[in-house]
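All remarks here apply to the structure that follows.
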Amino acid sequence: MFKKILIANRGEIALRIIRACKELGVQSVAIYSEPDIHSLHVQLADEAICIGPAASSDSYLKIDRIISAAEIADVDAIHPGYGFLAENAHFADVCDSCNIKFIGPTAQAIRMMGDKNSARDCARASGVPISPGSDGIIADEAEALRVARKIGYPVMIKAVAGGGGRGMRIASNEGSLVQGYHAARMEAEKAFGNGAVYIEKFIVNPHHIEFQVFGDQHGRVVHLGERDCSLQRRNQKIVEECPSPLMTPELRKKMGDASIKLCESVGYQNAGTIEYLVDDAGNFYFMEMNTRIQVEHPITEEVYGCDLVKHQIQIAAGEHLSDHVINAQPRGHAIECRINAEDPEKNFQPCPGNIDLYYAPGGRGIRIDSHAYAGYPIPPNYDSMIAKVIATASNRTACINRMSRALGEYMITGIKTTIPFQQAIMQNSDFRRGAYHTGFVESLLLKGVPTVR
Amino acid sequence: MDIKEIRSLIDLMKKNGVAVFKMEKEGFKITLKTAVSSGSPQYISTQPLVQWNEPSSITDAAPTAAPADPVVVGIEVKSPMVGTFYDSPSPESPAFIAVGQEITPDTVVCIIEAMKVMNEVKAEVSGTVVEICAENGKPVQYGQALFRLK
């Protein structure tokens, strides 16, 4: 086991990692930017080293300073958390060359699965379904029709140089395909100076379902079930749940087996998450892989009874995946709400500032992963997430009621938070029925921001 | 009374809005005056400012973090990186600078070793050295005061 670990991160995940270190009897070293001197992770670590000014590019992303800090503190390993350098293959390489263990997958695995194209190739090679698409640019109308016929309607025509939703058309039959093909090309030509388009399958009302995977350094790979992360606002997850309301044991077996196969094919080690898009008929398509621990890992921990961060450290130290993890079975239901310092009534504008009063909910089945405290000055330089509330119960309805109860107790004054909005989601009848997809939050917001205080 | 204790004292004075502190004991006398801003409350804490019986207890509870804003008399040369501080080009050579020396922005004031690379650090400011704050051969973090000038 390592003697000392440096945590190359901040906020709640740094705190999470320090907690795991303390429980494992490992010394923890925190790094921090100047404004983060007031942060909890700095106070709770065994040692703390300032590595730069506020800007992430000059602190949490400065590989040379982080490695220097690791050297003067004489650490054995670095845990990168999520975001920042967690999926930076070069950083993993630097750690290797300095004889410091990078707690995560190999640099090679990060490179292979980090690049969307190479990840899709790996998926295709191991027989994991990927969203069908044309092999390249569509040459003419005839080819467009041929490809669309092969993929199956509905399809999406997308500009190669596109962005911001422009140069995109959805077609559900041959007539609209021909029309859409020409319209997309013209729009793309005007907007980007490049009219090249390709075609891919359009998944109607997709669900974002991801699988937690874990590999050790001895070739063993397991999966720990799925998380449903379809509730997103502008592609940012706000509520996640485990298990997914639309999962069946058969689909879980299929998707789980595919996930393990993919990991084995690239020799994946440590924690990772494979993201899929799933349609209402249960067809799943590989989207991408995140080669790190994820924000929403607690809901898997609560349902599968595992401490994923501890396991990350143990696996990195060379231990085998334990029987406890290999035989883990899901039990009950868990939901996580990401509490952001944002004002839902002002288009979710971030509101950094000082937290005045802070009272976190408690009671059975409530877990709070947060670095917030009364009087904490939230710095404006980083993401706005200040807390994660995780509710666990024996079934989905009890879990939703528990989360609603907890959100009602949560007191944070001095800043605005997304709590009233998440409370409204908990009380929404479609959400309660489990009938939602990735477009749900945006359509909810179209009718005005629902908040429940 | 060493420099660490005096610095803690200044910190406490600032925190409690105390403008002047005088102390005399056993052949030792000290007067400290801080620039108290007009906005802060002018009150004197009823608690003793320092535990005279146990000077060693004047340590900050936080881990080896950069000290929070002591009153600075003059200019500080702060560390631009994380590494090990060396006050001379080599163990046999004399130190780069000494107290009382006049320096310019281009004066090399120390070496900070990071990742096996010896980095020469320039002053970036002018002034007369009044204090060498960092210890030779010891680690320094980003923003840590290395030298004080006037």
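Overview of results
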| quantity | calculated |
| --- | --- |
| Residue list for the stretch B:1-34, restricted to those being in contact with a helix residue (DSSP H, G or I) (Cβ under 9 Å, 6 or more places away or on another chain) and part of a loop (DSSP other than H, G, I, E, B) | B:M1, B:D2, B:V18, B:A19, B:T34 |
| Helices (runs of 4 or more DSSP H) wholly inside the stretch A:396-453 that include at least 3 residues being over 26 Å from A:A281 (Cα atoms) | A:396-409, A:419-426 |
| Sole residue being outside the structural domain of A:R16 (by TED's automatic domain parsing), without any contact (Cβ under 8 Å) to a residue 12 or more places away in the chain and aliphatic (A, V, I, L, M), chosen from A:A328, A:A271, A:A316, A:A281 | A:A281 |
| Residue that is more than 30 Å from A:G215 (Cβ to Cβ), out of contact with any Phe, Trp or Tyr (no Cβ under 8 Å at 6 or more places or on another chain), of a type in the set (A, V, I, L, M) and open to solvent by less than 10 Å² (accessible area, probe 1.4 Å), where the choices are A:A196, A:A148 | A:A148 |
| Candidate set from the stretch B:84-97 (those that are in contact with a strand residue (DSSP E or B) (Cβ under 7 Å, 6 or more places away or on another chain) and in contact (Cβ under 8 Å) with a residue 24 or more places away in the chain); member that is surrounded by the fewest Cβ atoms within 10 Å (Cβ to Cβ) | B:T84 |
| Residues of the stretch B:131-150 classified as outside any loop (DSSP other than H, G, I, E, B) and either under 14 Å from the mean Cα position of the chain (by Cα) or more than 14 Å from chain A (Cβ to nearest Cβ) (or both), total | 8 |
| Test: residue in the stretch A:233-255 that is of a type in the set (D, E) and touching a Ser or Thr at 6+ places or on another chain (Cβ under 7 Å) | no |
| Tally, over the stretch A:47-69, of residues that are within 13 Å of A:A14 (Cα to Cα) and in contact (Cβ under 8 Å) with a residue 40 or more places away in the chain | 1 |
| Members of the stretch A:48-90 that are more than 9 Å from chain B (Cβ to nearest Cβ) and polar (S, T, N, Q) | A:S56, A:S57, A:N88 |
| Checklist (1) open to solvent by less than 60 Å² (accessible area, probe 1.4 Å); (2) under 20 Å from A:V309 (Cα atoms); (3) more than 9 Å from chain B (Cβ to nearest Cβ) applied to A:A45, failing item | (3) |
| Number of the exception - A:R364 against (1) surrounded by 14 or more Cβ atoms within 10 Å (Cβ to Cβ); (2) in a loop (DSSP other than H, G, I, E, B) | (1) |
| The stretch A:361-384, residues that are touching a helix residue (DSSP H, G or I) at 6+ places or on another chain (Cβ under 9 Å) and under 18 Å from A:V239 (Cα atoms) | A:P361, A:G365, A:I366, A:R367, A:I368, A:D369, A:S370, A:D383 |
| Qualifying residues in the stretch A:48-67 (those that are in a helix (DSSP H, G or I) and of a type in the set (V, I, T)) - the one most open to solvent (accessible area, probe 1.4 Å) | A:I63 |
| Given (1) crowded, with 19+ Cβ neighbours inside 10 Å; (2) within 13 Å of chain A (Cβ to nearest Cβ); (3) outside any strand (DSSP E or B), index of the condition B:I112 fails | (3) |
| Verdict on A:M247 being among the aliphatic types (A, V, I, L, M) and open to solvent by 10 Å² or more (accessible area, probe 1.4 Å) | yes |
| Cross-chain or 6+ apart pairs with Cβ under 8 Å, the stretch A:127-144 first and outside any loop (DSSP other than H, G, I, E, B), then open to solvent by 50 Å² or more (accessible area, probe 1.4 Å) | A:I130/A:R120; A:I130/A:R124; A:G133/A:Y198; A:E141/A:H182 |
| Residues satisfying the stated conditions in the stretch A:298-308, i.e. among the aliphatic types (A, V, I, L, M) and either within 16 Å of A:V221 (Cα to Cα) or modelled with pLDDT under 95 (or both) | A:L308 |
| Some residue of the stretch B:50-61 being over 30 Å from B:K22 (Cβ atoms), within 14 Å of chain A (Cβ to nearest Cβ) and at pLDDT below 90 | no |
| Subset of the stretch A:403-425 that is open to solvent by less than 30 Å² (accessible area, probe 1.4 Å) and free of Cβ contacts under 8 Å to residues at least 60 places away in the same chain - its residue that is nearest to A:K447 (Cα to Cα) | A:A424 |
| The stretch B:115-130, residues that are modelled with pLDDT of 90 or more and either within 14 Å of chain A (Cβ to nearest Cβ) or in contact with a Ser or Thr (Cβ under 7 Å, 6 or more places away or on another chain) (or both) | B:M118, B:N119, B:V121, B:K122, B:A123, B:S126 |
| The listed residue being part of a helix (DSSP H, G or I), open to solvent by 40 Å² or more (accessible area, probe 1.4 Å), without any contact (Cβ under 8 Å) to a residue 60 or more places away in the chain and not assigned by TED's automatic domain parsing to the domain that holds A:I274, out of A:R124, A:R120 | A:R124 |
| Residue in the stretch A:27-35 that is in a helix (DSSP H, G or I), open to solvent by 10 Å² or more (accessible area, probe 1.4 Å), of a type in the set (D, E) and more than 9 Å from every other protein chain (Cβ to nearest Cβ) present | no |
| Check on A:D74, in contact (Cβ under 8 Å) with a residue 12 or more places away in the chain, in a loop (DSSP other than H, G, I, E, B), surrounded by fewer than 20 Cβ atoms within 10 Å (Cβ to Cβ) and of a type in the set (D, E, K, R) | yes |
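The values are calculated or read from the model by the stated rules, or taken from the named source; none is laboratory data. None of the values given here were measured: they were computed from a predicted structure. All Cβ positions, glycine included, derive from the backbone under ideal geometry; neighbour counts span all protein chains shown. In case anyone asks, the SASA skips ligands and DNA or RNA and just uses the protein heavy atoms, side chains included. Shrake-Rupley method; radii C 1.70, N 1.55, O 1.52, S 1.80 Å.
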